[in-house]
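Here the structure is laid out as structure tokens; the discussion comes afterwards.
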Amino acid sequence: MQKQNKIKSAFFAAFPNTIPILAGFLFLGIAYGIYMNRSGFNFLYPMFMSFIIFAGSVEFATVSWLLGSFDPINIFFLTLMINARHLFYGLSMLEKYNIPGLKKYYLIYGMCDESFSINATVTIPEGVDKGWFMFFVTLLNQFYWVAGATLGGIFGSFIPFDAKGIEFVMTALFVVIFLENWLKEKNHIASIIGLTVSFICLIIFKGTNFIIPSMLIILAAPTLLRGRFGQ
């Protein structure tokens, strides 16, 4: 009984913190499900991909990879580069996720940008179990994404509008994230380097081939310009 109360209190403490994610993930998930449906995949694909992969940008990219030629090496490095930031998230959460039981393995598996932001910064109410709180934050966020993707996959074919270009929703999300980060920066050296490097690599390597070299250079930039970003 005491354990049940502990789990229940953690759930109700975690849920309000995930409400903003609920709105965003449902919308993006539905857009992703519709995109998959209009690309010729039934709802099982977005449902299981959103559950197993649980990385929105990679899931959107996976649609074109499934429809394109078989290129596992390029896809592996693209996936690594797109989600390389999670390596740094993981390092910063080593202490927080060092909790007993199997929960920590799910926390590692289910960590996304939004779950990281909540679990890394929120003040957990006194008396609420930290492990269960972070578990429910992660679980709820994944549930929102899977539910949205599944709904989009199921009802995508019944929605009477031209879905051409709906994949741009993920691009729009990254633009908004970039603009928010720009407004918060003390200086814009990192952002300018990212834009400049990406533009130059796009000219040199063309098409989607520019992503890997541009990401490698961008990752190397903080080492070469150590101390300049925080000034």
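Please specify each residue of the stretch 113-130 satisfying the condition of being among the small types (G, A, S), assigned to a helix (DSSP H, G or I) and surrounded by fewer than 17 Cβ atoms within 10 Å (Cβ to Cβ). Those that are among the small types (G, A, S), assigned to a helix (DSSP H, G or I) and surrounded by fewer than 17 Cβ atoms within 10 Å (Cβ to Cβ): S117, A120. Being at pLDDT 80 or above and not aromatic (F, W, Y) is not true of L173. Just to be sure, is I108 of a type in the set (A, V, I, L, M, F, W, C) and at pLDDT 90 or above? Yes; evaluated as a whole, the condition is true for this residue.
Could you please let me know if F133 is open to solvent by 20 Å² or more (accessible area, probe 1.4 Å) and of a type in the set (F, W, Y)? Answer is no for this residue. For the stretch 146-159, the set of residues classified as open to solvent by 10 Å² or more (accessible area, probe 1.4 Å), touching a helix residue (DSSP H, G or I) at 6+ places or on another chain (Cβ under 6 Å) and closer than 15 Å to I21 by Cα consists of V146 only. Residues of the stretch 114-141 being among the β-branched types (V, I, T) and under 20 Å from G56 (Cβ atoms), which ones? Of everything in the stretch 114-141, those that are among the β-branched types (V, I, T) and under 20 Å from G56 (Cβ atoms) turn out to be I118, V137, T138. Restricting attention to the stretch 1-16, the residues being open to solvent by less than 60 Å² (accessible area, probe 1.4 Å) and under 19 Å from V146 (Cβ atoms) number 1.
The residue of the stretch 4-23 that is nearest to G56 (Cα to Cα), among those that are without any contact (Cβ under 8 Å) to a residue 24 or more places away in the chain and within 16 Å of the chain's Cα centre (by Cα), is A23.
Here the stretch 47-58 is the region considered, the condition is being out of contact with any Cys (no Cβ under 9 Å at 6 or more places or on another chain) and over 21 Å from P213 (Cα atoms), and the residue that is surrounded by the most Cβ atoms within 10 Å (Cβ to Cβ) is S50.
The values are calculated or read from the model by the stated rules, or taken from the named source; none is laboratory data. Small disclaimer: the values here were computed from a predicted structure and weren't measured. Please note: Cβ atoms are built from the backbone with ideal geometry, for glycine as well, and neighbour counts cover all protein chains shown. For the accessible areas, the whole protein counts, side chains as well, though only heavy atoms, and no ligand, DNA or RNA atoms are used. Shrake-Rupley method; radii C 1.70, N 1.55, O 1.52, S 1.80 Å.
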